[in-house]
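Encoded as structure tokens, the structure appears first; notes follow it.
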Amino acid sequence: MGKQGAGKGGDRDRGVSRRTLFIGGAAAAVGVGLLARSDLAHMWWQVPGVDKPRTAGAVDFKGAQWVAAAAANWRRADRPADYPIDRVIVHVTQGSYSSTLRVFKDPWHGAAAHYVVRKDGHIAQMIRELDVAFHAGNKDYNQRSVGIEHEGFVDRPEDFTDAMYEASARLTAEICRRYGFPPDREHVIGHVEVPGTDHTDPGPHWDWDRYMRLVRAAHKRAGSAKA
């Protein structure tokens, strides 16, 4: 998050409500045939009665604990079919693990990340990767990224433990492999690097060299295991 207690209402990037999209003569006059195919791909979730199958409590990263974020803090999607994923964005919570889960479950907070990593390496998944989380403060980056929060404060290097780095690196490596983008600093970035952000996380004490070594090693191990 990078700013303690800061809401991210600008991340909401909501689409038109299902009811609004299909009520009124304008929608009928335009006709589905005139809509771009890409627009239709992005709008499936707005169609009344149309839902992609979901398994309650399912996680994308083995070993993660499912803790659902409030529905107001993310948007349904069908990534990467509708929005390709090519980024991991690293955050620091500016708070404890428990307080982070609490605010991400609060619909008034206006933001949440896909994952939260605790100091001991435990990982909670709060939003499915196929959905768009409001975490980056930038609509385009929200649509194309997976957000990972890390328990702690940007000015306390002791918060970034060995267990946290290692667990987060395994998670990031798997995301890179799943969506086919390289484990490098162009595709694994900090919240501070998102265009237009006013956040500073993960801050000057986050050890990027160490973290990316761990990510690349985990990525390579996973590739060897599948060979």
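The values are calculated or read from the model by the stated rules, or taken from the named source; none is laboratory data. Given the structure is predicted, the values throughout are model-derived calculations rather than measurements. Don't worry about glycine lacking a Cβ; one is built from the backbone with ideal geometry, like all the others, and counts go over all protein chains shown. Side chains included, ligands, DNA and RNA excluded: accessible areas come from the protein's heavy atoms. Shrake-Rupley method; radii C 1.70, N 1.55, O 1.52, S 1.80 Å.
Could you tally the net charge around Val192, taking each other residue with its Cβ under 10 Å from the Cβ of Val192, Lys/Arg +1 and Asp/Glu -1?
Working: positive: none; negative: Glu193, Asp198, Asp201.
That works out to -3.
Ordering Trp66, Trp108, Trp74 by how much accessible area each has at a 1.4 Å probe, largest first, what is the list? Please list the in-between numbers first.
On the way: Trp66 85, Trp108 220, Trp74 45 Å².
Listed by decreasing accessible area, they come as Trp108, Trp66, Trp74.
For the stretch 49-132, a Kirkwood radius taken over Cα pairs fed into Stokes-Einstein (37 °C, viscosity 0.692 mPa s) yields D = 241 µm²/s. Under 19 Å from the 7 Å Cα→Cβ point of Trp66, by amide nitrogen: which residues of the stretch 159-192? Under 19 Å, as judged by backbone N against the label point of Trp66, lies no residue of the stretch 159-192. Loop-located GluC sites (Glu not before Pro) across the stretch 118-227 with a Cβ neighbour count of 12 or fewer within 10 Å are Glu186, with loop assigned by DSSP.
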